[in-house]
Amino acid sequence: MLKFLGFLFIVGVTFAVGYQMGKDGPDAIVKKARELGTEVMTRATALERTTSLRTSLVNAKEHLVQAKSDLLDKNYGKVVSGLEETAKALTQAKTSAGDELRPKLDALTKKVSDLETEAKALKPGVMTKLNEVVREVDTLLNR
């Protein structure tokens, strides 16, 4: 039964292609195939960029959450290294982001760098700023 359905599908596709070629000519078919190929490549590239951006943002959020946990445990050395990793992940996200997101990622990277400096100096208020950065990353992820 499956072979028969496969045979019918192939016959149907062959008929449709033959009908289209008879109606429009082979040049129109080749042109449509090229346009379809270009469209598929464009969509695949956009999907790859979006996936890369989201992966980098998820990695950044993971490092921020770990830094927050380390801050609660008063392990300041790991907090600083977690913030450094977050800055790297945001920089990587910037390379795959579109023009409208790059300024936001630049500002967020600067905030993380400033937060890293404050964590090294053991200044108070690091936790509230860390929470704010996590919310901003969540906002970018939810777009």
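The values are calculated or read from the model by the stated rules, or taken from the named source; none is laboratory data. All figures in this text were calculated on a predicted structure; none of them were measured in a lab. Neighbour counts run over all protein chains shown; Cβ positions are idealised from the backbone, glycine included. Note: areas computed on protein heavy atoms with side chains; ligands, DNA, RNA excluded. Shrake-Rupley method; radii C 1.70, N 1.55, O 1.52, S 1.80 Å.
What to note about this one:
- Against the set [x] -0.36, -0.86, -1.25; [y] -0.53, -0.83, -1.16; [z] -0.32, -0.82, -1.42, the structure's computed log10 I(q)/I(0) by the Debye sum over Cα atoms at q = 0.10, 0.16, 0.21 Å⁻¹ falls on [y].
- Stretching Thr14 away from Asp138 to a fully extended chain increases their span by 39.7 nm, per 0.36 nm per residue minus the current alpha-carbon distance.
- Paramagnetic reach from Lys120 (point 7 Å along Cα→Cβ, amide N under 19 Å) across region 79-103: 79-91
- Between Glu62 and Phe4, the modelled label-to-label distance comes to 5.1 nm, taking each label 7 Å out from Cα in the direction of the beta carbon.
- On the basis of the beta-carbon distance and an R0 of 30 Å, Lys129 and Leu36 show a calculated FRET efficiency of 0.05.
- Apolar share of the accessible surface for the chain: 61 percent from carbon plus sulfur atoms, 1.4 Å probe.
- The chain: DSSP helices with Cα axial extent of at least 20 Å and average Kyte-Doolittle hydropathy no lower than 1.6: none
- Solvent-accessible surface of protein heavy atoms, probed at 1.4 angstrom with all chains present, puts Val13, Val112 in the order Val13, Val112, largest first.
- Segments 64-74, 125-135, 34-44 sorted - mean Cβ within 10 Å per residue, highest first: 64-74, 125-135, 34-44
- Heavy atoms of the protein chains alone define the surface here; on that basis region 1-75 has 81 Å² accessible area per residue at 1.4 Å probe size.
- Over all orientations, region 1-65 has a Cα convex hull whose mean projected area works out to 7.6 square nanometres.
- Choice from Ala121, Ala46, Ala87 with maximal GNM fluctuation in the chain (Cα, 10 Å cutoff): Ala121
- Neighbours of Gln66, meaning other residues whose beta-carbon lies under 13 angstrom from its beta-carbon, give a summed charge of -2 when Lys and Arg score +1 and Asp and Glu score -1.
- Isotropically averaged projected area of region 28-112, using the convex hull of Cα atoms (one quarter of hull area), nm²: 6.1
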